[in-house]
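The block underneath contains the structure these notes are about, expressed in structure tokens.
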Amino acid sequence: MSQSLIVNISEEWSNIMNSRHMDLFLIPTVLLTSVTLLVNPVLFLCILCFPSLRKENRYLLLANMLIADVLFLTINLAVVSCNTVGKDMHHILCEFMLFSTVTTYSCSLLTVTLMVVDTYVAVRWPLRYNEILPPCRARKIIVALWVLSAVCPMSLLVMFDVFITEQQSRRVCLVLITLQSSNQNMTTRIHLYFIIAVSLCTALIVYCYVRLYIITKTSGIWQNRYSRARMTLLAHALLLMMYFTPALVFGVELALLQGHTVSVPAVWINLVNMSVLMLLPRFCTPYLYILRYREIYKTLQQVLWKKRHLSQITAA
């Protein structure tokens with residue numbers, strides 16, 4: 001593994017971005033990130049500040065996904081901005097950003113998967129649900145999700161620091177370039193781990209939804225074309241697809257960068273993935289759950305009404 005190879009690929013990547021005016025991708029990144037960051041913290045604080053919401057596992061998991069998304073969006077905006085500016089970045093700062101990006105993105109995917117499992121357990125064993133998944137156990141599972149999400153990027157960083165003796169600043173800081181600069185055996189293992197992880201999460205989600213349909217099909221909630229159950233399933237399926245699509249696109253990016261050569265399509269796909277595809281599900285999530293969960297909607301409405309009422313009293 002050569003540090004000079006990372007630097008060369010980074011410089012070539014930066015030259016392609018400058019020559020094709022790809023700095024315009026910063027505009028959708030800033031817009032989508034800004035709008036999402038206006039809503040996510042409000043929802044997160046609503047869940048934490050109201051005991052009625054904080055006691056339910058689905059809201060705890062939603063709060064965890066919201067905070068993971070906020071961290072991911074903030075770091076992703078910093079990475080895209082630094083890459084667009086084209087200034088050399090210190091290797092320690094770059095490694096921290098890469099570690100944080102992979103950890104927060106992985107935590108979001110695992111939380112989405114666990115939310116589906118939580119729904120399945122609640123429907124399958126309604127009388128034993130509080131015994132199987134009490135809030136204290138849910139909090140421990142959330143901590144375990146963060147630890148599990150951090151294990152892979154941390155081990156990769158340690159491995160890179162061991163094999164790379166001379167660390168240099170980089171013009172472009174990307175997980176893709178760092179992974180692809182490793183030796184062939186390590187790249188194959190990373191691909192295998194990546195495919196297995198995504199396949200397991202997808203298989204678990206599909207299994208839970210199929211079982212939910214089998215369990216609830218006799219209750220009559222699926223008979224109406226525009227029933228709440230159908231609309232909820234459709235919305236969640238769309239959201240899950242948007243969360244997992246960037247991971248599949250990342251696999252395409254790895255394939256396009258084989259041979260340590262940078263092509264224009266590879267740069268385009270990477271920028272579309274980082275600036276649009278990865279941000280869309282995080283942009284849609286808070287609005288979907290405001291409409292989906294009546295308790296959150298009423299709580300948010302109550303908070304905004306109190307704030308408006310207090311401002312009117314202060315003005316008077």
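When region 40-63 is limited to residues that are touching a residue at least 60 places away in the same chain (Cβ under 8 Å) and within 16 Å of the chain's Cα centre (by Cα), the one that is nearest to W146 (Cα to Cα) turns out to be L61. Taking region 115-134 as the range and being assigned to a helix (DSSP H, G or I) and within 15 Å of L212 (Cβ to Cβ) as the test, the residues that pass are M115, V116, V117, D118, T119, Y120, V121, A122, V123, R124, Y129.
Under the condition of being polar (S, T, N, Q) and more than 14 Å from the chain's Cα centre (by Cα), which residue from region 104-142 is surrounded by the fewest Cβ atoms within 10 Å (Cβ to Cβ)?
Here is the first cut: in region 104-142, the residues polar (S, T, N, Q) are 104, 106, 108, 111, 113, 119, 130.
Remaining after also requiring more than 14 Å from the chain's Cα centre (by Cα): 119, 130.
Values: T119: 18, N130: 12.
Across region 104-142, the extreme among qualifying residues is N130.
Going by the conditions given, is Y105 touching a Phe, Trp or Tyr at 6+ places or on another chain (Cβ under 7 Å), of a type in the set (F, W, Y), under 29 Å from T202 (Cα atoms) and in a helix (DSSP H, G or I)? Show your work before the answer.
Numbers: touching a Phe, Trp or Tyr at 6+ places or on another chain (Cβ under 7 Å): yes; of a type in the set (F, W, Y): yes; under 29 Å from T202 (Cα atoms): yes; in a helix (DSSP H, G or I): yes.
Yes; evaluated as a whole, the condition is true for this residue.
The residues in region 64-96 that are surrounded by fewer than 23 Cβ atoms within 10 Å (Cβ to Cβ) and touching a Pro at 6+ places or on another chain (Cβ under 8 Å) can be counted, and the count is 1.
When region 75-91 is filtered for residues that are in a helix (DSSP H, G or I), hydrophobic (A, V, I, L, M, F, W, C), out of contact with any Phe, Trp or Tyr (no Cβ under 9 Å at 6 or more places or on another chain) and touching a residue at least 60 places away in the same chain (Cβ under 8 Å), the ones remaining, listed by number, are V79, C82. Among the criteria (1) within 30 Å of D118 (Cα to Cα); (2) surrounded by 21 or more Cβ atoms within 10 Å (Cβ to Cβ); (3) among the aromatic types (F, W, Y), the one F44 does not fulfil is (2).
Every number in this text was worked out from the coordinates using simple rules, so none of it is lab data. Note that the structure is predicted; figures quoted are calculated from it, not measured. Ideal geometry is used to build each Cβ from the backbone, glycine not excepted, and the neighbour counts take in all protein chains shown.
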